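These notes are about the structure you will find just below.
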């Protein structure tokens, strides 16, 4: 039997507690590679130990095969478990026995009509959904099928605690994403394939970059279409690097043999189309080559993190030829998941800050700015990002060499997303202020912080609070008082102006604060 890690045990206990309290649907979120199948196996074992019947649903054969193997390893009595694809389960509804629990792997697919038909047929049977990414491109939530969500640890926590491998992310500048139709995932693939085939150099030297950053190591390539995938395979084979293509239309026996050969390390490069994203587990593989642009957070994380399964001393290498990292973020960025719907199409719970480069017109996340000579630069065209618009002409840097999107920018990006809060400590707000000053390249963080908290939001601080902040932040009291005095005066001036407009002087306006 598996020995669950503490965070896995917490997922088991919290989800079962919600069901015991009468919730019919519970969604369990946990990052790719965090061991969801082990958690599923333990929940199934506990649900069947006294004869309960569990229906396990998934949309891919690989997921079904994987769970059967995992259940056996966890000493689960398979006579009490029905493992079926959603389509097969829908077609057998009348012959299925009385169930005690329904489990859906990759639970974000549960919005599909096939799954909903099953859920409606067993509407009084508790159900659990498992997913790394509770997110849909159309903004729909999951509250119609799940009442609660149990959230697992963050990706960064899993890396820090040696449950996922750390990574290095390399990206290509001059990516022409403007010609990609992101209306839906089919159009993403088709439009990027046309661009890819007409001028593949715009994605950089795929084979050359592999040889530079990961030569000889096994790699998985994600391509937009079958034609492009086969083209990439030809480039690798022409360079003497054994590569094979596979997709959903590859005959099952041939596909199984390809996967077996890849796991046995007989194949160096495995290029695929929408096949190796969910449920494919090859822990030793650490190199991922992204050649399919997307706006789907689900697809982005499932693909880019496929090489982050933990092994001692392993560092995953992601070669991003299509700008997904700059536009959607790096794996260790903070993602706020929810079962509720969202208003904006390209956000999870709120739109992260983005910049549009005035030189090449590309839009990308603030976190993806490249720091060159201590100045922010566009990760696509490498031109400096100006804080003020000027009438200047720029020449494009025609290099297609890869640039590392340093993970150190993740902390800056997380802070830039946050807002000043009068409910938080001065230390918390000061970190945000420092990030804003670093990003903008100008200003004083103390003035920025007190300008928001005191001048704008009218938050007052006692002398004792300011002294404590001085000690913990190691900033002189003179500097803190200077910024605070300035903010108080601003607050007073604004209040006085408003009072004159209403012909009424506020009582506090004539009082001292310390």
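The values are calculated or read from the model by the stated rules, or taken from the named source; none is laboratory data. All values derive from a computational prediction rather than experimental measurement. Here the Cβ positions follow ideal geometry from the backbone for every residue, glycine too, while neighbour counts run over all protein chains shown.
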Among the residues of segment 119-146, write down those that are within 18 Å of residue 18 (Cβ to Cβ) and under 23 Å from the mean Cα position of the chain (by Cα).
128, 129, 130, 131, 134, 141, 142, 143, 145, 146
Determine whether residue 186 is modelled with pLDDT under 90, farther than 25 Å from residue 32 by Cα and assigned to a helix (DSSP H, G or I).
no
What helices (runs of 4 or more DSSP H) lie completely within segment 230-331 and have 3 or more residues being over 23 Å from the mean Cα position of the chain (by Cα) and not assigned by TED's automatic domain parsing to the domain that holds residue 29?
252-263
Given the residues 53, 17, which is the only one that is in contact with a helix residue (DSSP H, G or I) (Cβ under 9 Å, 6 or more places away or on another chain) and farther than 27 Å from residue 305 by Cβ?
53
Output yes when any residue across segment 39-52 is more than 18 Å from residue 4 (Cβ to Cβ) and either buried (at least 19 other Cβ atoms within 10 Å of the Cβ) or in contact with a strand residue (DSSP E or B) (Cβ under 8 Å, 6 or more places away or on another chain) (or both), and no when none is.
yes
Can you tell me which residue among 194, 244 is at pLDDT 85 or above and at negative phi?
244
Matching residues, segment 215-229, being assigned to a helix (DSSP H, G or I), in contact with a strand residue (DSSP E or B) (Cβ under 6 Å, 6 or more places away or on another chain) and surrounded by fewer than 21 Cβ atoms within 10 Å (Cβ to Cβ)
226
Could you tell me which numbered condition residue 275 fails, if it satisfies all but one of (1) modelled with pLDDT under 90; (2) out of contact with any strand residue (DSSP E or B) (no Cβ under 7 Å at 6 or more places or on another chain); (3) at negative phi?
(2)
Here are some residues: 133, 143. Which one is surrounded by 14 or more Cβ atoms within 10 Å (Cβ to Cβ), out of contact with any helix residue (DSSP H, G or I) (no Cβ under 8 Å at 6 or more places or on another chain) and either assigned to a loop (DSSP other than H, G, I, E, B) or in contact (Cβ under 8 Å) with a residue 60 or more places away in the chain (or both)?
143
Boolean, residue 81 is within 30 Å of residue 255 (Cβ to Cβ) and crowded, with 16+ Cβ neighbours inside 10 Å:
yes
Answer from 396, 469, 450 - the residue that is surrounded by 14 or more Cβ atoms within 10 Å (Cβ to Cβ), over 28 Å from the mean Cα position of the chain (by Cα) and either modelled with pLDDT under 70 or under 30 Å from residue 156 (Cα atoms) (or both)
469
